[in-house]
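A short write-up of the structure that comes next.
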Amino acid sequence: MTDDSKHKIFTPPWFSALLKGQLTTGETFWAGNYGTALFHQPIVALLVVLPIPRLIPAVFWAVLTLYQLVLTAAVIRSKPGVPTPLGWRIAGIVITLAHGALFASLARSILSA
């Protein structure tokens, strides 16, 4: 990824590089987990209060689960921009997997309610 396109976050090329693990470990973890939350968390808030079929939020959470699994693989493959201690890398992988598990449990719980 070139330096010019690195500043254009949340664009299709940036997401492609992110999910392929071509960005730095820090950017992959932080922007992948919490930058994207700026978009999906307001949607989650709306889905839980709107009178809609419960299948819609369940499908949304299932998609977020898949995203987190792909993001976990990207964190594993990411290129450290600075020397990244193994413990921090493992923590990033575990936290990203935990987010995926949370979304999966939300999808499961709404479908079994």
- Query: Do any residues in region 84-113 that are among the hydrophobic types (A, V, I, L, M, F, W, C) have Cβ atoms under 6 Å from those of residues that are modelled with pLDDT under 90, where the two are at least six apart or on different chains, and which pairs are they?
  - Reply: I110/R54
- Quick one: which of T25, T36, T11 is without any contact (Cβ under 8 Å) to a residue 60 or more places away in the chain, surrounded by 15 or more Cβ atoms within 10 Å (Cβ to Cβ) and not small (G, A, S)? T36
- Query: So which residues in region 8-26 are assigned to a loop (DSSP other than H, G, I, E, B), under 18 Å from R89 (Cβ atoms) and not small (G, A, S), if there are any at all?
  - Reply: K20, Q22, L23
- Message: Step by step: first the residues of region 78-113, then only those that are surrounded by 14 or more Cβ atoms within 10 Å (Cβ to Cβ) and basic (K, R), then the one that is nearest to F15 (Cα to Cα). Which residue is that?
- Response: R89
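The values are calculated or read from the model by the stated rules, or taken from the named source; none is laboratory data. None of the values given here were measured: they were computed from a predicted structure. Note: ideal-geometry Cβ built from the backbone for every residue, glycine included; neighbour counts use all protein chains shown.
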